Amino acid sequence: MKVQIDPDRCQGHGRCYDLAPGLFGDDEEGYGTVLGDGTVTPDQEPDARRAVANCPERAIYILEEK
Ligand code: F3S
């Protein structure tokens with residue numbers, strides 16, 4: 001699976017990169033970014049789902065296709 005951030009929805013709350021720093025980073029203005037191509041390893045899946053659940057803007061999406 002992969003994660004994506006919708007830049008139109010992200011308001012820079014920063015929960016994603018606080019909760020899952022292995023998957024998300026922040027740009028120079030504090031908006032969330034996906035690291036690399038967003039691929040989530042099996043052991044990162046709980047972090048990915050926690051980030052999705054905690055983004056107040058619902059800006060994070062999980063793509064389930066491999
Ligand atoms: Fe943006 Fe949500 Fe992260 S608003 S910075 S994607 S917690």
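The values are calculated or read from the model by the stated rules, or taken from the named source; none is laboratory data. This one's a predicted model, so the numbers in the text were calculated from it and none came from an experiment. We place every Cβ from the backbone using ideal geometry, glycine too, and count neighbours over all the protein chains shown. Ligands, DNA and RNA are excluded from the accessible area calculation, which covers all protein heavy atoms including side chains. Shrake-Rupley method; radii C 1.70, N 1.55, O 1.52, S 1.80 Å.
From D18, D43, D27, D37, grab the single residue that is touching a strand residue (DSSP E or B) at 6+ places or on another chain (Cβ under 8 Å) and free of Cβ contacts under 8 Å to residues at least 12 places away in the same chain.
D27
Of all residues in region 11-47, those that are open to solvent by less than 20 Å² (accessible area, probe 1.4 Å), within 12 Å of the ligand (Cβ to nearest atom) and either at negative phi or part of a helix (DSSP H, G or I) (or both) total 6. Scanning region 1-10 for residues that are open to solvent by 80 Å² or more (accessible area, probe 1.4 Å) and either under 10 Å from the mean Cα position of the chain (by Cα) or more than 9 Å from the ligand (Cβ to nearest atom) (or both) turns up Q4, D8. Just need a number here: residues in region 1-10 that are in a loop (DSSP other than H, G, I, E, B) and free of Cβ contacts under 8 Å to residues at least 60 places away in the same chain. Final tally of qualifying residues: 5.
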